[in-house]
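Beneath this line is the structure, given in structure tokens, with notes to follow.
Every number in this text was worked out from the coordinates using simple rules, so none of it is lab data. These figures come from a predicted structure and were not determined experimentally. Cβ sites come from the backbone with ideal geometry, for glycine too, and all protein chains shown count toward neighbours.
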Amino acid sequence: MNRKFLCLVIAVMSALLFTGCSDSKKIDKASIAETVTVRQTGGQTIYTFYLLSSSEDVKSVSVFANSLESACYLAKENYIPNLSLSKFELFLADEDLSFDILKTDLQFISSEYYLSPLIMVTLADGNSIKYISESKEAPKEVEEHLMLLKNKNNETDINSLSVFNSIYSKKQNEFSMACINYEDELSVSARKISVKK
Amino acid sequence: MRANLKLSSVQLMISFFVFSSAVIILQNFYAASDTSFLMNLICVVLGVLIAFLFFVPSIIIRSQTKLDFMSFAHLKTPNAIIFTSAFYAMYFVYAAGYFLVTYTEMFNQKLNPEGNIYVIAFLLLSACVYAVYKGINAITRCGIFIFAFSLLAFTLIFSGNIANLDFVNYSFTFNGSNSDFINNLSYFLTISVIAVIFACVSGKTKNFKIRHIVITMAATVVLFALAMFFVFFVLGDYGRQQSFQFFTLSKSAKFGTMNGMDSLYLSLSTSSVFLIISIITVCINKATGKIKNIKMALIFSLLIFILFICARNFNSVKEILINVHILNILTFVAAVLIPCIYLLFFRRRVNE
């Protein structure tokens, strides 16, 4: 009995000591990005990472980059060393953004194992991106609107999986994507996107 | 070690089904870049059918002598058994290495790229040695729990992905070249390792009937087909960007606000690989003729671990180890060729 108990203790201890659990780091809440927006200003592309935080204010970090991949690298290098995208849920792209950038970013999202295929992807006007930067509740509102749109119009692609597959589809030359607008309140509509083959 | 107890044939078949499910969740459906669902479906059916044929020599020996092939070989050729034993022991070391490397690769790529993979492999092998100490009966009983868990996991993963099915961009077409066909067929044929396991442990089963194997293989085809269907029609081109597509499929499962079933995938793959390596280690003991000897299990587990270390450090070793063509050829030799030679030589004295 004692030998069995000793074996069990040794097994648990060795699992903790040698698998890296003993020196595991607790990721700071302020390093977890749930929402990312991308917009173009003065010919430059700006990626903004909205981070989880306990405070009332919106915590975000913006970087100039050519793609989401390099934005992640630069954000990690310069501002948030422990940046984690494992809870990444919402990706908003400026409606005026070059389609090639969106395509590259979706390529990056699809190739990273830690990113969910169900990340919501939508186009957004300048006002709604501004609204995201001001209100902490905005991402949740956007997600609810996207779900409502999907329920109403099943053909609209709202996540990275379906948008990616529509872009690279051999069958379709155009597909439908969600577009968020903000005037007095948030609204969402479907927008047709043409794909050059 | 409790080696004298008979185990139910159904119990063994359930473990074989878990074995097959591990193959499907740890494999890459896009073995070839431009193969369609229908082509892969044909590969699956053909692969499982060939795997079924691999059982035939062992079934003949089992039905005529009530012995498994390994006991039959020990009985008929006591002087030459060293060569047969050595081949089967080495074959099982290779097969265990194949599954261990594939599993650790998945663990490294999908769960923790910075985790110490050697410790994971060592702990897994230690658990397997303990399972071997408990005997095949205990392992296959554990297989029943893993089977129940796998049914739950597959049901949740598949049903959680129904809403993601995409019939607009993807449809039932047939395309792919001859080499794609051979490659994919080879992938699905890897489940034939169970025919060699059957050749080693079937003598310990009671109430064995051929229909048990037929049902297991039919269930395997259904599972493979379902898994492929969802991978092709949910992930589509997105799946081609990633390895271990079933992991991505589990991540895309969704129920209301609950996203991702990847934890189920990881639990299922870990428990299935544990079952596979445990049964394989039992077979190694059986091949050496020292089924009650735990030291033999320890020595061969150490050998599997050394092979794993070599595979991790030398790419050429890894390439040989995870080469499905080599595994299938060796499986053919172990499951068909050697038993057939025995049957041929002892065709008139099988029952003596």
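Summarising the label geometry, the points placed 7 Å from Cα in the beta-carbon direction at A:L74 and B:L298 lie 5.9 nm from one another. Summarising the label geometry, the points placed 7 Å from Cα in the beta-carbon direction at A:R191 and A:E56 lie 3.4 nm from one another. A simple spin-label model places pseudo-atoms 7 Å from Cα toward Cβ; at B:L226 and A:N2 they are separated by 5.1 nm. With no solvent and one equal point scatterer per Cα, compute the Debye intensity ratio I(q)/I(0) for the protein assembly as shown at 0.06, 0.08, 0.13 Å⁻¹ and report its log10, rounded to two decimals. Each listed q maps to, in turn, -0.36, -0.61, -1.25. Note on the stretch A:71-171: lysine pairs with Cα distance below 21 Å, sequence gap of 8 or more or different chains, count 8. The coefficient of translational diffusion for the stretch A:29-194, derived via Stokes-Einstein from the alpha carbon Kirkwood radius under 10 °C and 1.306 mPa s, stands at 100 µm²/s. Isolated cysteines of chain B, defined as having no other cysteine beta carbon under 4.7 Å away, are B:C43, B:C128, B:C142, B:C310, B:C340. Across the stretch A:29-194, C-alpha contacts under 8 Å between residues 6 or more apart give a mean separation that, scaled by the residue count, equals a relative contact order of 19 percent. Of all beta bridges DSSP finds with both residues in chain A, what is the antiparallel percent, to the nearest 5? Bridges in chain A are about 65 percent antiparallel. Against the main long axis of the alpha-carbon atoms of chain A, helix A:138-152 sits at an angle near 70°. Please give the Cα centre distance for the stretch A:68-98 versus the stretch B:243-259, rounded to the nearest Å. Taking the Cα centre of each part, the stretch A:68-98 and the stretch B:243-259 sit 22 Å apart. Helical runs assigned H by DSSP (4 residues or longer) give chain A a calculated mean residue ellipticity at 222 nm of -11500 deg cm²/dmol, each run adding -39500 (n - 2.57) before division by the residue total.
Past the 14 angstrom mark, what percentage of all C-alpha to C-alpha distances in the stretch B:301-340 do you count? Cα-Cα pairs in the stretch B:301-340 separated by more than 14 Å: 57 percent. May I ask you to list, by number, the DSSP H helices of chain B whose Cα span along the axis is at least 18 Å and whose average Kyte-Doolittle hydropathy reaches 0.0 or more? For chain B, where a helix must reach 18 Å along its axis and average at least 0.0, the hits are B:9-26, B:37-53, B:81-106, B:117-134, B:136-159, B:210-230, B:262-288, B:294-313.
Relative to the 2.2 N^0.38 Å rule of thumb, the stretch A:101-186 has a C-alpha radius of gyration ratio of 1.13. Which is the longest part of chain B that has none of the chymotrypsin sites (Phe, Trp or Tyr not before Pro) sitting in a DSSP loop with at most 16 other Cβ atoms within 10 Å? Free of exposed loop sites, the longest segment is B:1-166.
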